[in-house]
Amino acid sequence: GHFGARCAASSAGAGAPTLHVGVVGYGLVGKELVSQVLTNATRLEGELGVKLQIAGVARSKSMLLLPPAGDGALTGGAWPSGEAPADLTKLAEHVLAAAAASGGRALLVDNTASDAPAELYASWLAAGADIVTPNKRAGSGPYDRYERIRAAALQGGSLFLYEATVGAGLPIIGPLQVLRRSGDEVVGVEGIFSGTLSYIFNSWKPGVKFSAVVKDAKDKGFTEPDPRDDLSGTDVARKVTILARECGLKLELSDIPVKSLVPVALESWQPAVGANIGDAFVKELEAYDAEMDALISEAEAAGEVLRFVGAVDVQAGTASVKLGRYPKDHPFASTQFADNIVTYDTKWYRPRPLVVQGPGAGAAVTAAGIFGNIMEVMSGMRRPRP
């Protein structure tokens, strides 16, 4: 039976079992994650009783498939020789083979923002590999694919974990799952899910031009190169779609109305050839400062603040993204700098909501959010010591 299989598996690897990790996407977050893993693996083996090894790393064009216990070659951000053309199917096969050989588990981390890896999740999960990702594409992409991914995880006995898709390292998905699974009824989830838009509305005060605040955010590196990517609210809508599905709603990204902050006339605007798109956009935005000034003056007169918020209304079965007004004693009014904040209104957390708040962006905390999910997998692998 099950017990016999377990004994056979544990005798395959002498001592602690190994979690073999394949990393897809090797930018700021990917490098930070690999660095955290290499720094902490030995200590974690002592604490959790499970070994942790990087088995392979893929960049957009090339990948490295590492031998068992060969991840020291990545120390200090090094990219050793012996790379092959990037092929995510081959990477997954390599990681699964390493797990089969050691009697451990395979896990793939997708640090990209691309749809291509999400297309492969179902096959990876069905093959028994766990997936951990900050990539919002699977959670906010087509609902039928989302359902296939979840079914594949159950079928393959594997885990699909994505805490870092919303709020980076902040515990947002986890608490929601625990509450729902233990029988709480979620009434609504509401929050500020964009560090960029949080910074803009936290620092914008009456009498200050809106375009000047966007320029400041851009100059400090908070915005995408084209600030419209932030001001459109699409990134927030993706996060809200993920949370709505977590609350049991069958919503598509296209079902969520988004009140974009990009003036209609600037939605398809393009800068002059050779111009910096960010600087040129801010210049165009100046024409709308009076309009925006009216909004903030009105809110101020009512003793309220403006915040760009995503909300899920579970009872109505809807979600939305919009600029909202909140009294100055509301949790959203107390956000600072580029904080994310989320409030959960539930049967158990009433009349006072559960609130999670803090920085929701940055390589270190995003990698820590991913690493937290990796440790969940490790905790489930612990075996009796011989």
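Do you know which residues across segment 150-169 are open to solvent by less than 20 Å² (accessible area, probe 1.4 Å) and under 17 Å from the mean Cα position of the chain (by Cα)?
Matches in segment 150-169: TYR162, ALA164, THR165, VAL166, GLY167, ALA168.
Does segment 238-274 hold any residues that are aliphatic (A, V, I, L, M), at pLDDT 95 or above and open to solvent by 30 Å² or more (accessible area, probe 1.4 Å), and which are they? So that I can check it myself, show each step before the final result.
Taking segment 238-274 first, the residues aliphatic (A, V, I, L, M) are 240, 242-244, 249, 251, 253, 256, 258, 261-262, 264-266, 272-273.
Filter again for at pLDDT 95 or above, leaving 240, 242-244, 249, 251, 253, 256, 258, 261-262, 264-266.
If the condition is that a residue be aliphatic (A, V, I, L, M), at pLDDT 95 or above and open to solvent by 30 Å² or more (accessible area, probe 1.4 Å), then LEU253, VAL258, VAL264, ALA265 are the ones that fit.
Give me the helices (runs of 4 or more DSSP H) completely within segment 150-225, filtered to those with at least 1 residues that are within 25 Å of THR318 (Cβ to Cβ), ordered by residue number.
173-181, 195-203
State which residue is nearest to ASP230 (Cα to Cα) when the search covers only segment 329-355 and only residues that are open to solvent by 20 Å² or more (accessible area, probe 1.4 Å) and not in a loop (DSSP other than H, G, I, E, B).
Filtering first and then ranking leaves ASP339.
Within segment 282-319, track down each residue that is out of contact with any Ser or Thr (no Cβ under 7 Å at 6 or more places or on another chain), under 21 Å from ASN202 (Cβ atoms) and touching a residue at least 40 places away in the same chain (Cβ under 8 Å).
TYR288, MET292, ASP293, ILE296, SER297, GLU300, VAL305, LEU306, ARG307, VAL309, GLY310, listed by residue number.
In the set GLU286, GLU300, which member is surrounded by 15 or more Cβ atoms within 10 Å (Cβ to Cβ) and out of contact with any Gly (no Cβ under 6 Å at 6 or more places or on another chain)?
GLU300
Check off (1) at negative phi; (2) in contact with an Asp or Glu (Cβ under 9 Å, 6 or more places away or on another chain); (3) not in a helix (DSSP H, G or I) for GLY358 and give me the number that stays unchecked.
(1)
Looking at segment 48-75, which of the residues that are small (Gly, Ala, Ser) and touching a residue at least 24 places away in the same chain (Cβ under 8 Å) is most open to solvent (accessible area, probe 1.4 Å)?
Checking each candidate, the answer is SER60.
Evaluate segment 124-138: report whether one residue or more is open to solvent by 30 Å² or more (accessible area, probe 1.4 Å), on the phi > 0 side of the Ramachandran plot and free of Cβ contacts under 8 Å to residues at least 40 places away in the same chain.
Start the filter on segment 124-138 by keeping residues that are open to solvent by 30 Å² or more (accessible area, probe 1.4 Å), which leaves 126-127, 136-137.
The next check asks that each one be on the phi > 0 side of the Ramachandran plot; those that pass are none.
No.
I'd like the full set of residues that are touching a Phe, Trp or Tyr at 6+ places or on another chain (Cβ under 7 Å) and touching a residue at least 24 places away in the same chain (Cβ under 8 Å), limited to segment 139-151.
From segment 139-151, those touching a Phe, Trp or Tyr at 6+ places or on another chain (Cβ under 7 Å) are 139, 149-150; that's our starting set.
Of everything in segment 139-151, those that are touching a Phe, Trp or Tyr at 6+ places or on another chain (Cβ under 7 Å) and touching a residue at least 24 places away in the same chain (Cβ under 8 Å) turn out to be GLY139, ILE149.
Does GLU185 count as among the acidic types (Asp, Glu), surrounded by fewer than 16 Cβ atoms within 10 Å (Cβ to Cβ), in contact (Cβ under 8 Å) with a residue 40 or more places away in the chain and on the phi < 0 side of the Ramachandran plot?
Details: among the acidic types (Asp, Glu): yes; surrounded by fewer than 16 Cβ atoms within 10 Å (Cβ to Cβ): yes; in contact (Cβ under 8 Å) with a residue 40 or more places away in the chain: yes; on the phi < 0 side of the Ramachandran plot: yes.
Here the answer is yes, as GLU185 does meet what is asked.
Kindly indicate whether ALA113 is within 21 Å of the chain's Cα centre (by Cα) and either closer than 19 Å to GLY30 by Cα or open to solvent by 20 Å² or more (accessible area, probe 1.4 Å) (or both).
It is true that ALA113 is within 21 Å of the chain's Cα centre (by Cα) and either closer than 19 Å to GLY30 by Cα or open to solvent by 20 Å² or more (accessible area, probe 1.4 Å) (or both).
Of (1) within 30 Å of TRP348 (Cβ to Cβ); (2) more than 20 Å from the chain's Cα centre (by Cα); (3) surrounded by 15 or more Cβ atoms within 10 Å (Cβ to Cβ), ASP226 satisfies all except one. Which?
Going through the list (1) within 30 Å of TRP348 (Cβ to Cβ); (2) more than 20 Å from the chain's Cα centre (by Cα); (3) surrounded by 15 or more Cβ atoms within 10 Å (Cβ to Cβ), ASP226 breaks only (1).
Inside segment 234-305, counting only helices (runs of 4 or more DSSP H) that do not spill past its ends, which hold 1 or more residues that are within 18 Å of VAL321 (Cα to Cα)?
By residue number, 234-246, 289-301.
Given the structure, is MET375 more than 30 Å from ASP216 (Cβ to Cβ) and assigned to a loop (DSSP other than H, G, I, E, B)?
In short, no.
Checking ALA368 against (1) farther than 30 Å from LYS51 by Cβ; (2) modelled with pLDDT of 95 or more: exactly one of these is not met. Which one?
Tallying (1) farther than 30 Å from LYS51 by Cβ; (2) modelled with pLDDT of 95 or more, ALA368 fails exactly one: (1).
The values are calculated or read from the model by the stated rules, or taken from the named source; none is laboratory data. Every value quoted in this text rests on a predicted model; they were computed, and no experiment measured them. Using ideal geometry, Cβ is built from the backbone for each residue, glycine included, and neighbour counts are taken over all protein chains shown. Ligands, DNA and RNA are excluded from the accessible area calculation, which covers all protein heavy atoms including side chains. Shrake-Rupley method; radii C 1.70, N 1.55, O 1.52, S 1.80 Å.
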